[in-house]
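As structure tokens, the structure follows; a few thoughts come after it.
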Amino acid sequence: MTAKKAMKGATKRKVKVFAILLLCSFGAWLISKLSETYTERITFELIFTNSPDTLMLMNSSKKDITLGVRGSGWQFLSSRFTSGELAIDLGKVAYNNQNFYLPNQDYRDQIDAALPGDMTIVQMADDTLLLYFSRLVSKKLPVEPNVGINLAQNYLLEGPLKILPDSVILTGPEQELDTLLKVYTEQVELTEIDGSISRTLKLIKPQSLLNTKYNVEEVQLSADVFRFSEKILEIAIEVVNLPDGTQIRTFPNKVEVLCKARLEILKDLSPSDFKVIADLKEVQENSSFLPIRLVKQPERVPSAQLLQDRVEFILKRE
């Protein structure tokens, strides 16, 4: 049993020694091969950077490039672990005969400089790299809040909704911006509001704006809300467009206006702060009623409405 164990142990040692020698032999062969020079064709994706400030790259005549490249096996081995991309700087783009292009020498120098290590180009297509740009324009557009507000009973907005900023600068291709008139916010519904409003709203970018940027992505919405009181005033009717030699009498000659505002504002209101007119040109044929309109009210009164929209009238010749 002892002799068998000894023979088995010797066999294992021989196998280990053989494996080590085989591994060393393979390593030496691999190092020798990787040290040799090879020529291969490698395809790189072109990544364009540093476009001119006034232009946006829309397309190019090439998306990738296949090169005949010479280098050592080590260099090719390491290149397998790169991204397979080549960055092309468009800072020296040229223009000729209605085409933008990158001069061939600059194009080749950039690719040559981007190759890893001592790899060199031995074959490369010499056709011109054409670039298709769209000129960038900037356009300032107002922001339109897409907001629905349902106030609690006996509450009013004091003045219009405030948006900050109230306009946005869009920068993009002219063909994307030429028909735009407004920029809208996200849709929001506010209900039973009985206090001041303050909210951040995102701006909505239409799907057609593929290459357009906004200088801001959101705006601030604010509004003052107050509990109102009511007051009714009687306002004399002023008739306009009355023909010469004609007299008119309206029934009634005064109409009531319902005002909603803060109590301290209502106390100071008087009929002279308002103006109600009846335009004789607006009378329908064979009608005995005359439409009336409220055409003047104080700015500090957020809500004022006529309690009737027409009066009867009689015309008399002088």
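The values are calculated or read from the model by the stated rules, or taken from the named source; none is laboratory data. Just so it is clear, the structure is predicted and the values come from calculations on it, not from any experiment. Quick reminder, even Gly has a Cβ in these numbers, built from the backbone with ideal geometry, and neighbours come from all protein chains shown.
Quick notes
- Taken together, LEU269, LEU242 contain a single residue that is among the hydrophobic types (A, V, I, L, M, F, W, C) and either out of contact with any helix residue (DSSP H, G or I) (no Cβ under 9 Å at 6 or more places or on another chain) or not assigned by TED's automatic domain parsing to the domain that holds ALA304 (or both), which is LEU269.
Rundown of residues vs (1) within 22 Å of LEU136 (Cβ to Cβ); (2) of a type outside the set (Lys, Arg); (3) free of Cβ contacts under 8 Å to residues at least 24 places away in the same chain, yes/no style:
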site	(1), (2), (3)
ASP178	yes, yes, yes
VAL183	yes, yes, no
THR191	no, yes, no
GLY195	no, yes, no
LEU201	no, yes, no
LYS205	yes, no, yes
LEU209	yes, yes, no
LEU221	no, yes, no
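- Hey, GLN98 within 56 Å of the chain's Cα centre (by Cα), more than 16 Å from TYR132 (Cα to Cα) and modelled with pLDDT of 75 or more or not: no
- When each of VAL69, VAL143 is tested for being assigned to a strand (DSSP E or B) and at pLDDT 85 or above, the lone residue that passes is VAL143.
- Filtered residues of the range 156-194 (kept if among the hydrophobic types (A, V, I, L, M, F, W, C), under 22 Å from the mean Cα position of the chain (by Cα) and over 30 Å from TYR132 (Cβ atoms)): LEU161, ILE163, LEU164, VAL188
- Considering (1) surrounded by 16 or more Cβ atoms within 10 Å (Cβ to Cβ); (2) within 54 Å of the chain's Cα centre (by Cα), the lone condition that THR250 does not fulfil carries the number (2).
- Failed item in (1) in contact (Cβ under 8 Å) with a residue 24 or more places away in the chain; (2) assigned to a loop (DSSP other than H, G, I, E, B), with ILE277 passing the rest: (2)
- The set of residues in the range 207-247 that are surrounded by 12 or more Cβ atoms within 10 Å (Cβ to Cβ) and among the aliphatic types (A, V, I, L, M) comprises LEU209, VAL216, VAL219, LEU221, ALA223, VAL225, LEU233, ILE235, ALA236, ILE237, VAL239, LEU242.
Table: residues versus (1) of a type in the set (S, T, N, Q); (2) under 30 Å from GLU256 (Cβ atoms).
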site	(1), (2)
ILE149	no, yes
GLN153	yes, yes
LEU156	no, yes
LEU164	no, no
ILE169	no, no
GLN175	yes, no
LYS205	no, no
PHE226	no, yes
LYS231	no, yes
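- Residue in the range 280-296 that is of a type in the set (S, T, N, Q), more than 29 Å from PRO160 (Cα to Cα), assigned to a loop (DSSP other than H, G, I, E, B) and in contact with a helix residue (DSSP H, G or I) (Cβ under 9 Å, 6 or more places away or on another chain) present: no
- Hey, LYS275 of a type outside the set (A, V, I, L, M, F, W, C), at pLDDT 95 or above, closer than 21 Å to PRO160 by Cα and not assigned by TED's automatic domain parsing to the domain that holds ILE193 or not: no
- When the test is whether a residue is over 15 Å from the mean Cα position of the chain (by Cα) and within 28 Å of LEU210 (Cβ to Cβ), GLN153 does not pass it.
- Residues satisfying the criterion are present in the range 20-43 (criterion: in a strand (DSSP E or B), at pLDDT 80 or above and touching a strand residue (DSSP E or B) at 6+ places or on another chain (Cβ under 8 Å)).
- Qualifying residue in the range 199-212 (condition: farther than 30 Å from THR171 by Cβ, more than 11 Å from the chain's Cα centre (by Cα) and assigned by TED's automatic domain parsing to the domain that holds LEU151): no
- Residues satisfying the stated conditions in the range 144-191, i.e. surrounded by 14 or more Cβ atoms within 10 Å (Cβ to Cβ) and among the polar types (S, T, N, Q): SER167, THR171, THR185
- Residue that is modelled with the highest pLDDT, among those in the range 74-91 that are buried (at least 17 other Cβ atoms within 10 Å of the Cβ) and outside any strand (DSSP E or B): LEU90
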